[in-house]
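Take a look at the structure below.
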Amino acid sequence: MSDEGTRDVSTMSPAERIVSEAIGRLMEFWGFKRNMGRVWVVLHLSDEPLTSRDLRERLVLSSGSVSMTLNELQRWGVVKRVWVQGSRAEHFAAENSLWKMVSRVLRERELVEIHEAILAFEEGLQALAEQTPRDDVERRRLAMQKERVEELLEVARLGRGLLEALVSTARVDATALAKLLLGSKD
């Protein structure tokens, strides 16, 4: 116990270290900062809200790093400030609904990227349509490019539909994807 009567949170258990590093790597793979995953895991595995000092000590991070990471996590809605009676320090708790976190990332990041790709593919098709081939070789090349861009557009639209269904219902009918991957046009 520390001076304030709370448990000593300055050390992490082996399980906390292993899981925080694994989630940190996964977050980094998804394009987020590694420490975002590490901080979230420590909060998620804690049975009580923690202060930035608790996090700094457990993860051996600087005050600035913890502060910036907490701000980013709050912006994404995966960490929130909580009031702890009898304490003047700010405490933080993790959003524990994994689906809520994943669906927000899918909605705000992946769906935006797919939408941008769809717009680009449509613009590319328009540019191809506006080209006038000089000869049969160029006509065949433009036809091939049009067909391939249309395939990309179809996959992007399918991906958008699957993600939208997943985000809105937490379920996906992958029949269209299976048909596309297996080459069936039914």
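The values are calculated or read from the model by the stated rules, or taken from the named source; none is laboratory data. Worth saying up front: this structure is predicted, and the values here are computed from it rather than measured. Cβ atoms come from the backbone with ideal geometry, glycine included; neighbour counts cover every protein chain shown. Ligands, DNA and RNA are stripped out before the accessible areas are found, and what is left, the full protein with its side chains, is counted by its heavy atoms. Shrake-Rupley method; radii C 1.70, N 1.55, O 1.52, S 1.80 Å.
Between residues in the range 152-167 that are under 13 Å from Glu116 (Cα atoms) and residues that are among the charged types (D, E, K, R) and open to solvent by 30 Å² or more (accessible area, probe 1.4 Å), which pairs lie under 7 Å by C-beta distance while being six or more apart or on different chains? Correct list of pairs: Leu153/Glu122. Only a single criterion out of (1) within 21 Å of Lys100 (Cβ to Cβ); (2) touching a Gly at 6+ places or on another chain (Cβ under 9 Å); (3) of a type outside the set (Asp, Glu); (4) free of Cβ contacts under 8 Å to residues at least 12 places away in the same chain is not satisfied by Arg38, namely (4). Mind listing just one residue for me: the one in the range 90-100 that is open to solvent by less than 50 Å² (accessible area, probe 1.4 Å) and aliphatic (A, V, I, L, M) and, of those, farthest from the chain's Cα centre (by Cα)? Looking at the filtered set, the residue picked out is Ala93.
Given the structure, is Ser103 touching a Leu at 6+ places or on another chain (Cβ under 9 Å), surrounded by fewer than 18 Cβ atoms within 10 Å (Cβ to Cβ) and small (Gly, Ala, Ser)? Against the criterion (touching a Leu at 6+ places or on another chain (Cβ under 9 Å), surrounded by fewer than 18 Cβ atoms within 10 Å (Cβ to Cβ) and small (Gly, Ala, Ser)), Ser103 qualifies.
None of His44, His91 is at pLDDT 90 or above, over 30 Å from Leu158 (Cβ atoms) and in contact with a Ser or Thr (Cβ under 8 Å, 6 or more places away or on another chain) except His91.
For the range 58-95, the set of residues classified as touching a His at 6+ places or on another chain (Cβ under 6 Å) and either basic (Lys, Arg) or not in a loop (DSSP other than H, G, I, E, B) (or both) consists of Val82, Ala94, listed by residue number. Scanning the range 114-139 for residues that are free of Cβ contacts under 8 Å to residues at least 12 places away in the same chain and surrounded by 13 or more Cβ atoms within 10 Å (Cβ to Cβ) yields a total of 3. Scanning the range 10-59 for residues that are of a type in the set (S, T, N, Q), open to solvent by less than 40 Å² (accessible area, probe 1.4 Å) and within 12 Å of Phe92 (Cβ to Cβ) yields a total of 2.
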